[in-house]
Amino acid sequence: MDEDSRTTPPDDREAKLWGGRFERPTDRLVEAYGASIAFDRRLYGEDIAGSAAHARMLARQGIISRDDLDAINAGLDAILREIEAGEFEFREDREDIHLNIEAALAERIGEPARRLHTARSRNDQVATDLRMYVRAMCDEASEGLMELRSALLDLAEREAETVISGYTHLQRAQPVLLAHHLLAYEEMLTRDTGRFRAARVTANVLPLGSGALAGVGYPIDREFVARELRFPEIAANSLDAVSDRDFVVEFHAAAALTMVHISRFAEEIVLWASAEFGLVQLDDAFSTGSSIMPQKRNPDVAELARGKSARTIGNLVQALTLLKGQPLAYNRDLQEDKEPLFDTIDTLLDTLEVVAAMVPTLRFDAARGRAAAGGDFALATDLADHLVQRGVPFREAHEAVGALVAECERSGRTFEDLTLDDYRAAHPAFGEEVLSLDIEASLAARSAYGGTAPERVAEQREAARARMLTEPA
């Protein structure tokens with residue numbers, strides 16, 4: 001294709017809304033390369049709401065007439081209905097959602113549509129749309145997190161008496177309640193909820209009225225627009241307002257860390273569901289089979305959640321990298337902020353929904369968990385604590401119990417096989433009560449605040465429920 005055939009528009013193509021300074025039409029390659037309507041069309045609701053508020057302000061200030069406002073409102077309402085009904089034609093030659101709506105408005109109402117863009121630029125327009133969208137997505141993320149946290153709390157209550165082995169270095173360490181383990185993830189997700197609420201505050205600042213970069217030369221009322229669009233703050237610097245995407249980065253960061261936490265939980269599910277652990281049974285509805293091995297039950301939901309965390313981490317890095325080399329103010333690079341953001345939003349919300357639905361279906365093998373919790377000398381720390389309570393320095397007690405474990409391994413015995421004489425051979429301070437040490441005693445001993453003692457875990461669970469009830473909506 002030669003250059004002329006690329007740049008000569010067919011009859012159904014229109015002049016650009018910004019094209020007055022140009023003598024030749026945009027090259028088709030450039031037009032396709034720069035078009036964002038394929039993905040930014042999802043901002044249509046925010047774009048229409050922002051335009052309607054801007055028009056009301058212009059009329060209130062006497063910059064446009066009341067008749068113009070009525071025509072604009074009617075036209076925008078009609079476009080909104082068409083989009084929601086799936087009847088609106090999104091055109092690539094109109095570049096983005098803003099020009100698609102403005103051009104469609106002009107087709108419907110004529111001259112008043114050309115006055116709508118008075119006292120604003122696409123730069124502050126898109127920044128406003130995106131802030132409104134991110135603000136709403138912060139709310140959806142918070143709601144999704146609340147659902148998952150609630151599911152974890154319900155599961156912790158159902159499994160209140162189930163004991164499992166706690167691990168460090170993926171080696172059996174000490175007995176813990178399964179509920180205590182689950183509540184650790186609820187704590188992580190609580191912090192994630194706070195991060196989305198903080199990201200919402202960052203996003204909730206109005207840039208409209210900043211113009212292209214230097215402000216506008218009309219007697220506008222930014223406070224009125226802020227009230228109309230429910231922005232509690234107004235951007236104080238026009239250069240920063242049109243080029244700032246910190247709020248996008250903060251959303252990515254909150255989402256990436258949330259997905260990392262979900263990925264950690266997903267990894268536990270994968271391990272626990274294996275034959276080697278045998279701790280949890282996956283529901284058929286949340287697992288899949290093998291195309292060749294009929295016996296398989298694969299933890300696909302958990303594996304996908306673990307894998308999808310990589311996408312959100314990558315999108316966070318993309319957002320930071322996108323911003324790092326841009327001078328003030330607006331640059332077209334910022335068009336590239338949307339696709340990764342939309343991908344992160346979809347990935348996060350879908351993952352929160354499916355994991356929250358999977359959690360109640362998990363079925364734990366309490367007997368298997370208890371057997372693991374008592375194996376591999378898991379009560380060794382309790383034996384050392386027993387000696388400390390009898391006046392032995394902890395380091396001396398640690399050494400004595402370590403030597404006892406080594407002797408048991410050499411002789412093929414467990415703690416349950418030892419007599420009081422065996423214990424006293426390791427250290428004379430061992431008392432008869434050492435023979436009654438068991439998992440229940442080990443759990444009960446961890447009664448300091450935050451520990452795995454049953455009464456403490458019950459307190460943690462109830463505190464978590466109360467916290468959810470008092471968190472801001």
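The values are calculated or read from the model by the stated rules, or taken from the named source; none is laboratory data. Everything quoted here is computed from the prediction, not taken from an experiment. A quick note on method: Cβ atoms are made from the backbone with ideal geometry, for glycine too, and the neighbour counts reach across all protein chains shown. Ligands, DNA and RNA are stripped out before the accessible areas are found, and what is left, the full protein with its side chains, is counted by its heavy atoms. Shrake-Rupley method; radii C 1.70, N 1.55, O 1.52, S 1.80 Å.
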Filter pass, Phe22 being in contact (Cβ under 8 Å) with a residue 12 or more places away in the chain, surrounded by fewer than 18 Cβ atoms within 10 Å (Cβ to Cβ) and of a type in the set (A, V, I, L, M, F, W, C): no
Residue, surrounded by the most Cβ atoms within 10 Å (Cβ to Cβ), within the range 173-205, restricted to residues that are within 13 Å of the chain's Cα centre (by Cα) and small (Gly, Ala, Ser): Ala199
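For (1) open to solvent by less than 10 Å² (accessible area, probe 1.4 Å); (2) part of a loop (DSSP other than H, G, I, E, B), each residue gets a yes or a no:
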position	(1), (2)
Leu341	yes, no
Thr344	yes, no
Leu348	yes, no
Leu352	yes, no
Val355	yes, no
Met358	yes, no
Ala367	no, no
Arg370	no, no
Phe377	no, yes
Options Glu267, Glu276: the member that is in a helix (DSSP H, G or I) and either at positive phi or open to solvent by 40 Å² or more (accessible area, probe 1.4 Å) (or both): Glu267
Count of residues meeting criterion [free of Cβ contacts under 8 Å to residues at least 60 places away in the same chain and farther than 14 Å from Ala426 by Cα] in the range 368-387: 2
Subset of the range 273-297 (residues that are more than 25 Å from Ala371 (Cβ to Cβ) and among the polar types (S, T, N, Q)): Thr288, Ser290, Ser291
Pairs with Cβ under 6 Å, 6+ apart, first in the range 130-146 and surrounded by 22 or more Cβ atoms within 10 Å (Cβ to Cβ), second of a type in the set (Gly, Ala, Ser) and modelled with pLDDT of 95 or more: Arg131/Ala203; Val134/Ala203; Arg135/Ala203; Cys138/Ala199
Within the range 231-250, tally of residues that are in a loop (DSSP other than H, G, I, E, B), in contact (Cβ under 8 Å) with a residue 12 or more places away in the chain and aliphatic (A, V, I, L, M): 1
Test for Arg446: is it closer than 30 Å to Tyr185 by Cα, of a type in the set (D, E, K, R), surrounded by 13 or more Cβ atoms within 10 Å (Cβ to Cβ) and touching a Ser or Thr at 6+ places or on another chain (Cβ under 6 Å): yes
Complete set of residues in the range 281-303 that are in a loop (DSSP other than H, G, I, E, B), polar (S, T, N, Q) and either closer than 15 Å to Glu267 by Cα or open to solvent by 80 Å² or more (accessible area, probe 1.4 Å) (or both): Ser287, Ser291, Gln295
The range 25-64, residues that are over 19 Å from Asp124 (Cα atoms), out of contact with any Lys or Arg (no Cβ under 6 Å at 6 or more places or on another chain), open to solvent by 50 Å² or more (accessible area, probe 1.4 Å) and assigned to a helix (DSSP H, G or I): Leu29, Val30, Ala32, Tyr33, Ala38, Arg60
Residue in the range 306-327 that is closer than 30 Å to Ala373 by Cα, modelled with pLDDT of 95 or more and either assigned to a helix (DSSP H, G or I) or open to solvent by 60 Å² or more (accessible area, probe 1.4 Å) (or both) present: yes
Residues (buried (at least 18 other Cβ atoms within 10 Å of the Cβ) and not charged (D, E, K, R)) located in the range 382-397: Leu383, Ala384, His386, Leu387, Val392, Ala397
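Yes/no per residue for (1) in a helix (DSSP H, G or I); (2) among the small types (Gly, Ala, Ser):
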position: Val392; (1), (2): no, no
position: Arg395; (1), (2): yes, no
position: Gly402; (1), (2): yes, yes
position: Glu433; (1), (2): yes, no
position: Ala444; (1), (2): yes, yes
position: Thr452; (1), (2): no, no
Sole exception among (1) surrounded by fewer than 16 Cβ atoms within 10 Å (Cβ to Cβ); (2) more than 30 Å from Ala49 (Cβ to Cβ) for Arg332, by number: (2)
Search result, residues across the range 407-428 that are open to solvent by less than 30 Å² (accessible area, probe 1.4 Å), within 25 Å of Ala372 (Cβ to Cβ) and of a type outside the set (Ser, Thr, Tyr): Cys408, Phe415, Leu418
Qualifying residue in the range 92-104 (condition: under 32 Å from the mean Cα position of the chain (by Cα), farther than 30 Å from Arg200 by Cα and either surrounded by fewer than 17 Cβ atoms within 10 Å (Cβ to Cβ) or aliphatic (A, V, I, L, M) (or both)): yes
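For every residue, the table says whether it meets (1) within 22 Å of the chain's Cα centre (by Cα); (2) among the hydrophobic types (A, V, I, L, M, F, W, C).
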| site | (1), (2) |
| --- | --- |
| Val249 | yes, yes |
| Ala256 | yes, yes |
| Gln281 | no, no |
| Asn298 | no, no |
| Asn315 | yes, no |
Meets criteria (open to solvent by less than 30 Å² (accessible area, probe 1.4 Å), acidic (Asp, Glu) and either over 28 Å from Arg227 (Cβ atoms) or outside any helix (DSSP H, G or I) (or both)) for Asp68: no
Residue within the range 92-106 that is within 24 Å of Glu223 (Cβ to Cβ) and not β-branched (Val, Ile, Thr) present: yes
Any hit, the range 169-185, residues being in a helix (DSSP H, G or I), more than 29 Å from Pro360 (Cβ to Cβ) and not polar (S, T, N, Q): no
Top-ranked residue in the range 210-264 [being of a type in the set (S, T, N, Q) and over 22 Å from Leu341 (Cβ atoms); ranked as least open to solvent (accessible area, probe 1.4 Å)]: Ser238
Residues of the range 99-141 classified as of a type in the set (Val, Ile, Thr) and in contact with a Pro (Cβ under 8 Å, 6 or more places away or on another chain), total: 1
